[in-house]
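Engineer: My questions all concern the structure below.
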Amino acid sequence: MALWVIAFGSPEYHRMVELRNDILRKPLGLVFSEEELQRDMHDILIAAFDEDIMLACCILTREGPETCKLRQMAVQKNRQGKGIGAAIIHFAENIARDRGYRKIIMHARSAAVGFYEKLGYATYGDPFEEVTLPHFSMQKTLI
């Protein structure tokens, strides 16, 4: 498995949008707006590949001088539970550290909270609804 930072607008980016749409949006009857996708332009776009197949992806968005937000984490359904998600999170954390970030925050779907807790993330605040699903705010200080 190869882990890469990919360029906005590249063929890999378009595959990332397709994976995010398939895993995160279509099941909820939602689609990305052009405005939502334009947000990706200034973000760190990360993907995991097996040969030419994109297995997983996530995005890091700057939230402050030392904080970034992990968002749009998606792993192909038939590849979930095989360590790919943990690998891409560790890679994203290393990229964040290398770029001077000391904390990662996120809005995690309630079904994914246990996954992130195993990787050292902690919930804070009250649950809330986002994209029609219950979510929790989570964070991790990078060492």
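Engineer: Past 18 Å, Cα to Cα: identify those pairs from LYS26/LYS69; LYS82/LYS118; LYS26/LYS118; LYS26/LYS140, in the order given.
Structural biologist: Too far apart for the 18 Å limit: LYS26/LYS69; LYS26/LYS118; LYS26/LYS140.
Engineer: Then there is this: Percent of Cα-Cα pairs per 10 Å bin, from 0 to the last occupied bin, for the chain, please list those.
Structural biologist: Going from the shortest bin to the longest, the percentages are 11, 43, 40, 6, 0.
Engineer: Follow-up. For segment 1-28 and segment 77-97, compute the distance between their C-alpha centroids and round to whole Å.
Structural biologist: 14
Engineer: While we're on this one: With a cut-off of at most 14 other beta carbons within 10 Å, and DSSP calling the residue loop, which GluC sites (Glu not before Pro) in segment 1-110 qualify? Please list them.
Structural biologist: Sites meeting the loop and neighbour criteria: GLU51, GLU63, GLU66.
Engineer: Considering amide H positions built from the backbone, and no H for Pro or chain starts, which residues 5 or more places from LYS69, or on another chain, come under 5 Å of its amide H?
Structural biologist: Answer set, sorted by chain and number: THR61, ARG62, GLU63, ILE105.
Every number here is computed from the coordinates shown, using simple stated rules; none is lab data. Because the structure is predicted, anything quoted here is derived from the model rather than measured. Quick reminder, even Gly has a Cβ in these numbers, built from the backbone with ideal geometry, and neighbours come from all protein chains shown.
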